[in-house]
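The structure under discussion appears below in the form of C-alpha cells.
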Amino acid sequence: MSFFGKIRAAFGRSQQTLAGVQKLGRARKPIDSLFWDEFEDLLLAADFGVPTTQKILSGLRTVSKQELWRTSDQAVARFRKDVERFLDLPHAELNLSAPPVVILLVGVNGSGKTTTAGKLSKMLRDGGKSVALVAADTFRAAAAEQLGIWAQRTGAQFVRGKEGADPASVVFDGLRTAMARGVDAILIDTAGRLQTKTNLMEELKKMQRIIERETGKPPAETLLVVDGTTGQNAISQARLFHDATKLSGVVVTKLDSTAKGGVLVAIVDTLEIPVKFVGLGESAQGLRPFAPAEFIDALFEDEELNAPV
C-alpha cells in the first residue's frame, strides 16, 4: 500500500464522520438554518473543535450570501478547499539553513518523541547530513536505550547522561560534544512532560536558554509530537507547550483507524503553526512531510467533492 493509501486507511474514524458531510453535499439540500446546524454537528463529531468549527462555518456563511449559494453541494465543496487553505501554512519545511541545526522534540508521555527522533535521524542521514541524537529524557532508561538503538541504525552520534541526571546538563554536554565534532543537526529527545506540570515546562525553557547560549541562536525547530488518536486533548497540549516553548511545528504520530483528522485542523487554526510531519508505524521510513492536499484527499474519498473549486 502506498503512503497515501496508508494515510487514507489511518483516518478511518474521521472518514466515517466526514462521510456524513459528503452525503450532506450530495443530497443538495437547501442552504438554511437546518443545513448549518447539521453541518456544525458533523464537524464537531470529527474533532474540529468549537472555535475552529465556528470560524469555518462563519466564513462559509459569508461566502454563501455573497455567491448566492442555493444547495448544500456548493457549501461542502468550498469547505473542502477551505480546510486545505487552513492547513497550508508557510515554513512547513524543516529549517536546516544554518548548521548546527538544533531540533527540540517535546510532548507528553507516550506520544512517540523517541521514535520520531529516530525517524528524523534516518531522514536527515539519507539526505547526507551528520546527526547527533541527545537523550535528554533521563527519567526513563528505556528511552535512552531506544534512542541509542536508533543512533546505531541510522549512523548518528549519540549522547546520553546518567539515569536521573539533570536533563539540562545532558543538553549542555550534547551540544558541546556535537558542535566540537561539526555535526549538522542535533536532535534532542526530551522526557514526556505532562502539560499541567509547571516545573517541567520551566525545565524545557531552561533547555532552550542553554541552546541559545551555546549556539548563539534559539532552536531551529521546536516540534510538538502529538499522538493522532488523542482528539481534543491534543489542542490543550499544543496550547500549553506553545506558551512554554514557542513551537515551530507539529508532528502527528500513531495514525491508525481511530485517528481523528479534524484535530489537526484545530491545532493549526489555534496556534497558526504548521503540521510538519506525519508518522505511520514503527519503521524508519514511516515518517513523511505533511502535505495538506494529500491529507484532504485521504479524508474526502468522494471524487466530486475533491474536484477543484
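The values are calculated or read from the model by the stated rules, or taken from the named source; none is laboratory data. Please read these numbers as outputs of a predicted model, since none were measured by experiment. All Cβ positions, even for glycine, are placed from backbone atoms using ideal geometry, and neighbour counts span all protein chains on display.
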Index of the failed condition, Val50 passing every other in (1) of a type in the set (A, V, I, L, M, F, W, C); (2) under 20 Å from Val226 (Cβ atoms); (3) in contact with a strand residue (DSSP E or B) (Cβ under 6 Å, 6 or more places away or on another chain): (3)
Could we say that Gln74 is surrounded by fewer than 16 Cβ atoms within 10 Å (Cβ to Cβ), assigned to a helix (DSSP H, G or I), polar (S, T, N, Q) and free of Cβ contacts under 8 Å to residues at least 60 places away in the same chain here? no
Looking only at residues that are of a type in the set (D, E, K, R) and surrounded by fewer than 20 Cβ atoms within 10 Å (Cβ to Cβ) in the stretch 36-66, which one is nearest to Arg26 (Cα to Cα)? Glu38
Out of Arg160, Arg153, sole residue that is more than 19 Å from Ala180 (Cα to Cα) and of a type in the set (Lys, Arg): Arg153
All strands (runs of 3 or more DSSP E) inside the stretch 168-258 with 3 or more residues being at pLDDT below 95: 221-227, 249-253
Within the stretch 21-65, track down each residue that is among the aromatic types (Phe, Trp, Tyr) and within 17 Å of Phe300 (Cα to Cα). Phe39, Phe48
If you scan the stretch 117-148, which residues turn out to be in a helix (DSSP H, G or I), in contact with a helix residue (DSSP H, G or I) (Cβ under 8 Å, 6 or more places away or on another chain) and over 21 Å from Val226 (Cβ atoms)? Arg125
Among the residues that make up the stretch 152-159, is at least one of them in the same structural domain as Val251 (by TED's automatic domain parsing), polar (S, T, N, Q), outside any helix (DSSP H, G or I) and surrounded by 19 or more Cβ atoms within 10 Å (Cβ to Cβ)? no
